[in-house]
1. Can you report the number of residues in the range B:105-140 which are touching a Phe, Trp or Tyr at 6+ places or on another chain (Cβ under 8 Å) and of a type in the set (S, T, N, Q)?
2. Here is a check on your reading of the model: is residue B:84 crowded, with 22+ Cβ neighbours inside 10 Å and assigned to a helix (DSSP H, G or I)?
3. Considering the range B:45-60 alone, what residues qualify as being more than 7 Å from chain A (Cβ to nearest Cβ) and open to solvent by 30 Å² or more (accessible area, probe 1.4 Å)?
4. Taking the range A:96-123 as the search range and keeping residues that are open to solvent by less than 10 Å² (accessible area, probe 1.4 Å) and in a loop (DSSP other than H, G, I, E, B), which one is nearest to residue B:143 (Cα to Cα)?
5. Would you tally the residues in the range B:73-92 being closer than 11 Å to residue B:27 by Cβ and facing chain A (nearest Cβ under 8 Å)?
Amino acid sequence: MTDSKNNQRNSATATAWQFTEQVPHSRDLGMQIISITKNQACIRLPPNPLLFVDDNTEEFCASVLYSLADSASGLAVLAEARDSSPIATLDLRVDYFQPAKGDRALLAVATCPKLTEEVAFIHCDIFHEGCHELLATANATFMRNTLGGRILANERA
Amino acid sequence: MCTTGNSKYQAAGAANSPDECLAWQGLLERIPYARHLGLQAQTDNGGVLIHLPYREALIGNFKLPALHGGVLAALIELTARTAAQRRDKDDRCPRILDSHINYLRSAAIRPTFASAEIIRQGRRTSLVEVMCWQDNRAAPIASGRVQLLLPAVVATNTEAQEQ
C-alpha cells in the first residue's frame with residue numbers, strides 16, 4: 001500500500017473511531033473500541049449491573065448484546081469502506097446461543113464480507129472476553145451514503 | 001388476568017386494560033435494563049403498549065440526530081418478552097432465542113412507542129411481532145419479529161399422568 005493510501009485509511013479509521021466513541025448510547029452502555037483493522041471491528045463491553053436482565057441473576061440483557069452487535073457492525077462497514085459517509089442499518093438479526101454472564105466483559109467482532117456502492121453485508125460474533133464459545137451471532141445489512149434519515153424515509157414511504 | 005382471546009392475531013394485553021397495564025409495568029420493573037431505559041407500560045385502546053421516553057443517552061447518531069438501532073431493538077425485544085410472559089398461563093419468564101429487526105425510517109429524538117402482536121403462543125415457544133412508531137402510528141419506524149423460548153415447567157403428578 002502506498003503512503004497516501006495508508007494515510008487515507010488511517011484518517012478514515014481515526015474518524016470512524018472518534019465518531020463511534022462519541023455516540024451517546026455507546027457511551028451510556030460503556031462500549032470500548034478495541035480495534036479497527038481492514039474490514040473488521042472489535043468492541044468490548046465491561047459488565048454493568050444496569051444492563052442485566054434480572055435483579056437476582058448476573059446475566060446481561062439480550063438487547064445489550066444487540067446494541068453491541070449493531071455498533072460493531074456499523075464500525076465494520078466504515079472500516080471496509082474506508083470513509084465516514086453516513087450509513088443506516090436496514091435490518092439486523094441476532095441469534096442468542098446462550099446466556100451472557102454478567103461477571104465478564106463481552107467482545108463483539110464484526111466483519112464486512114461484502115461491500116457495494118449502496119449496501120454492506122456484515123457478520124458479527126459475540127463472545128465473553130478470553131473465551132471462544134459463541135454467545136450470539138448477528139447478520140446485518142446496511143445502506144451506505146444515506147445522507148441522513150430524510151432520504152431513507154422518502155425512499156421507503 | 002392474562003389475555004385469553006381466541007383470535008390468532010389479537011393484540012397483546014387486550015384483557016381488562018388498566019390491570020393488564022399494571023401487570024406489564026410490574027414485569028418491566030423486574031428488568032434492570034428496562035428500568036435503565038425508563039420503559040413504561042401504557043393502556044392503549046383496550047390493549048397495552050410500551051413507551052420509551054426520549055433521553056440524550058439513547059442517541060446513536062448525533063449528526064442526524066437519531067436514536068441508536070440497539071435502543072429500538074431493546075424496546076422491541078422487551079415488549080415482545082413482556083407480551084409473551086403475560087400470555088403464558090404459568091407466568092413463565094421467556095428467553096429470547098432470536099430477533100430480526102427491520103429499520104423502516106430514521107428514529108427521531110422523540111418519545112417512541114411499541115405494540116406487540118402474538119403470532120403464535122405455543123407450549124414451548126412464542127413468536128411475537130412488534131411495531132415501533134413515534135408521532136404517527138401509521139408510519140412505523142421499525143418492526144421486529146422475536147422468537148422466545150418458554151422454559152419447561154416441572155410437571156405436577158396430575159399433569160404427568162395426563163401426559
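1. Residues meeting the conditions: 2.
2. Yes, satisfied.
3. Within the range B:45-60, B:45, B:46, B:53, B:54, B:55 meet the criteria.
4. A:100
5. Of the residues in the range B:73-92, 1 are closer than 11 Å to residue B:27 by Cβ and facing chain A (nearest Cβ under 8 Å).
Residue-wise test of (1) part of a strand (DSSP E or B); (2) more than 24 Å from residue B:55 (Cβ to Cβ); (3) away from chain B (no Cβ under 14 Å).
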residue: A:13; (1), (2), (3): no, yes, yes
residue: A:16; (1), (2), (3): no, yes, no
residue: A:27; (1), (2), (3): no, no, no
residue: A:47; (1), (2), (3): no, no, no
residue: A:64; (1), (2), (3): no, no, no
residue: A:72; (1), (2), (3): no, no, no
residue: A:77; (1), (2), (3): no, yes, no
residue: A:94; (1), (2), (3): yes, no, no
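Results for (1) under 27 Å from residue A:98 (Cβ atoms); (2) touching a Ser or Thr at 6+ places or on another chain (Cβ under 6 Å); (3) not hydroxyl-bearing (Ser, Thr, Tyr), shown as yes or no for each residue.
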{"residue": "B:27", "(1), (2), (3)": "yes, yes, yes"}
{"residue": "B:30", "(1), (2), (3)": "yes, no, yes"}
{"residue": "B:58", "(1), (2), (3)": "no, no, yes"}
{"residue": "B:68", "(1), (2), (3)": "yes, no, yes"}
{"residue": "B:88", "(1), (2), (3)": "yes, no, yes"}
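The values are calculated or read from the model by the stated rules, or taken from the named source; none is laboratory data. Keep in mind that what you see is a predicted model, and the values were worked out from it rather than measured. Glycine also receives a Cβ, built like all others from the backbone with ideal geometry; neighbour counts cover every protein chain displayed. For accessibility, only protein heavy atoms count, side chains too; no ligands or nucleic acids. Shrake-Rupley method; radii C 1.70, N 1.55, O 1.52, S 1.80 Å.
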